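Encoded as structure tokens, the structure appears first; notes follow it.
FYI, it's all coordinate maths here, none of it is from the lab. Everything quoted here is computed from the prediction, not taken from an experiment. Counting neighbours? That spans all protein chains shown, and the Cβs are built from the backbone with ideal geometry, glycine included.
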């Protein structure tokens, strides 16, 4: 079962902080849900700087970021 961080409706930098908290908690494979393009870019930049790969799926105005170590 995947760990899911639901950051929809939150404005930056909160989605990045929520992603950082997931990484700090030891999550190596998880999803982040957001509804802002700027959050996608900021989370991708942060996660890749920590050695994670990020795949983005877009569905209407929502994005699912699959983050893997």
Sorted on mean Cβ neighbours within 10 Å (highest first), peptides 23-30, 40-47 come out as 40-47, 23-30
Only helices counted: for the chain, with every DSSP H run of 4 or more residues adding -39500 (n - 2.57) and the sum spread over all residues, [θ] at 222 nm is -11000 deg cm²/dmol
Placing one equal point scatterer on each C-alpha of the chain and summing with Debye, one gets log10 I(q)/I(0) at q = 0.12, 0.19 Å⁻¹ equal to -0.23, -0.61
